[in-house]
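Since every read-out is calculated from the coordinates, none of them should be taken as a lab result. The shown structure was predicted, so the numbers you read here are calculated from the model rather than taken from an experiment. Because the Cβ atoms are built from the backbone with ideal geometry, glycine has one as well, and the counts that use them run over all protein chains shown.
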């Protein structure tokens, strides 16, 4: 990873850490978030994954339109850092899905 890529990755991580703290307080069932990125295709390759405990919480998230709130929060916070992303780059997943489909192996699931 180039030095500029590392610096940008740290900036993304710091921003998403702030978002994570807000979501832990405000969103029922929210557990954590992560990101993947290929800096050769940045920013289009940036993907943010928001992890919830289970599927019923994901259903409730969509029904209450809280997913749009989360997407807008992430878009806004990253834009403040000069990083432009679209809602389609922010996805939602659950611990139970990962356990059922990937035996709890998030590294494999996020590839």
Q: Mind sorting 63, 78, 8 by how few other Cβ atoms lie within 10 Å of their own Cβ, fewest first?
A: 63, 8, 78
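Per residue, how big is the convex hull around the C-alpha atoms of the range 7-67? Give it to me in cubic angstrom, could you?
Per residue, the Cα convex hull of the range 7-67 comes to 83 Å³.
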Q | Estimated 222 nm signal from helices in the chain, with DSSP H stretches of n ≥ 4 weighted -39500 (n - 2.57), rounded to 500 | A | -17000 deg cm²/dmol
Q: Find the Cα radius of gyration of the chain, compare it with 2.2 N^0.38 Å by division, and give the number to two decimals.
A: 1.06
Q: Express as a percent, rounded to the nearest 5, the fraction of DSSP beta bridges in the chain (both residues included) that run antiparallel.
A: 55
